[in-house]
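This report refers to the structure that appears directly beneath it.
The values are calculated or read from the model by the stated rules, or taken from the named source; none is laboratory data. Everything numeric here is computed off the predicted structure, so don't read it as measured data. Cβ: placed from backbone, ideal geometry, glycine included. Neighbour counts: every protein chain shown.
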Amino acid sequence: MNLLQTLAGWNPRDPVTFMLILSRVSGMVVSMPILSSRAIPVKIKALVSMALAFLMFPLVRRDMTPYQGAFSSWLIGLFSEFATGIAIGFSAYLIFSAVALAGEMAGVQVGFGIVDVINPLGLAEVPLLGTFQNSVAFLVFLATNAQYAMIWGLAESFRWVPLGGGNFGPFFFEGYLSLFGRFVELGFVLASPFLVGGIVLNLVMGFLSKMMPQLNLLTLGFPLLLLGGLVLFMASLPFFGSVVEHAFSRMESNLPDLLKLLGSHG
């Protein structure tokens, strides 16, 4: 069904259906990685939302009847669709939150925690190491075509969760908490080289202070810790990239599970 055929078969209730689709798309846009950043102008977000809604409308209209509910239920449906979009987009943003958590723990462990900068993706203060890791995660996000997986998940969401059919009951929140726990675990996995390495470095410096009491660790300890942190950082980059790539590759398989929770099909 092309655009001309869609316009020729226009239904008076189609604008109501389109607004529901736009609400879900807007929720995903304002919560997904990159586009959720305040550095992106609101006009750009609105333009992307409108473009995606126009792309989704023929697909949804072909498989669904126009929305026939009352005006009050339509208003409730707008909020429900917006929340559905946020749930879809935020599931991908959790990966970047896991990276930020890993950067926070790693930075504190190896001495980078004293330098905080603003993360442009979330406008939150994170260590310098965490900001660099977020930039690497962003490049991996684009390299793995995860943005296309997000658009695919958005299109699939209309099949799993009909318009106005989002179910935010206890079953959904239980499943979403489980998903959240996975990404907390991911953060600890990403930070594990620095956590273990930081403990080893501190043990070595403690051993040196006992063996050579004349050694001034207050002067030499911090530079040594920073140097060890830089070595750990360079050595762990391949590990970091492979773990983040695996997380983004699993996102396409995790999205149907989330949609089943929203549509109570799980």
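Structure notes:
- The stretch 160-181 - residue that is loosely packed, with under 14 Cβ neighbours inside 10 Å and part of a helix (DSSP H, G or I) and, of those, modelled with the lowest pLDDT: P170
- In a residue-by-residue description of the stretch 209-232, the property of being more than 13 Å from V110 (Cβ to Cβ), of a type in the set (A, V, I, L, M, F, W, C) and within 22 Å of the chain's Cα centre (by Cα) applies to no position.
- Test: residue in the stretch 184-197 that is modelled with pLDDT of 80 or more, farther than 27 Å from Y93 by Cβ, surrounded by 14 or more Cβ atoms within 10 Å (Cβ to Cβ) and not polar (S, T, N, Q): yes
- When residues of the stretch 198-223 are limited to those that are part of a loop (DSSP other than H, G, I, E, B) and not polar (S, T, N, Q), the one modelled with the highest pLDDT: M212
- Some residue of the stretch 232-243 being loosely packed, with under 15 Cβ neighbours inside 10 Å, of a type outside the set (A, V, I, L, M) and modelled with pLDDT under 80: no
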